Amino acid sequence: TLIDSLGIALESFNYALKQIGEPPRSISEIKKFFGRSADRMLAGLTGDEQKGLQAFEHYIDHQTKRAESLILHAGIRELLK
């Protein structure tokens, strides 16, 4: 893992859920679905395929807007050089 994306990913999941009228989820609730793709995670979090797909669109929008604020983990820049 090169980029510290966990915080923004968690933020994006809750942003997406909010956009479709779902309540926010705790970090532990979201982490239960780690290992799946984001669209599958949202389907699992909502318990509904269609809602999960709707939320995924919002997730992608939020991730795109926040991409420039991602930071590399310590030492990665030097490693890549």
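The values are calculated or read from the model by the stated rules, or taken from the named source; none is laboratory data. Here the structure is a predicted model, which means the values were calculated and not measured. Positions of Cβ are backbone-derived with ideal geometry, glycine not excepted, and every protein chain shown enters the neighbour counts. Surface accessibility is based on the protein's heavy atoms, side chains included, excluding ligands, DNA and RNA. Shrake-Rupley method; radii C 1.70, N 1.55, O 1.52, S 1.80 Å.
So here's what we get for this one:
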item	result
Sorted peptide list for 55-61, 28-34, criterion being average Cβ within 10 angstrom, highest first	55-61, 28-34
Helix 49-66 vs. the chain, principal-axis angle (Cα, 0 to 90°, nearest 10)	30
Choice from A38, A67, A16 showing the highest fluctuation, given a GNM over the chain with Cα pairs closer than 10 Å	A67
Between 0 and 90°, nearest 10: helix 6-19 axis offset from the chain longest Cα axis	20
Solvent accessible area, Å² - D39, 1.4 Å probe, full protein context	50
Inter-site label distance for I27 and I60 at 7 Å from Cα along Cβ, in nm	2.9
Per-peptide average of other Cβ atoms within 10 Å, ordering 4-12, 69-77 highest first	4-12, 69-77
Computed over the chain: relative contact order in percent, which uses C-alpha pairs under 8 Å that are six or more apart	39
In the chain, lysine pairs with alpha-carbon atoms under 25 angstrom apart (chain gap of 8 or more, or interchain)	8
(i) 49, 20, 18; (ii) 48, 27, 20; (iii) 44, 24, 18, with the label sought being that of the calculated Cα extents along the principal axes in Å	(iii)
Structure-based [θ]222 nm, the chain - -39500 (n - 2.57) summed over DSSP H runs of at least 4, per residue, nearest 500	-18500 deg cm²/dmol
Theoretical gain in end-to-end length, E11 to R36 [0.36 nm per residue, Cα-Cα removed]	7.3 nm
Max mean-square fluctuation residue, GNM over the chain, Cα-Cα springs under 10 Å, options R36, R66, R25	R36
E49 paired with R77, simple spin-label distance in nm, labels 7 Å along Cα-to-beta-carbon	4.6
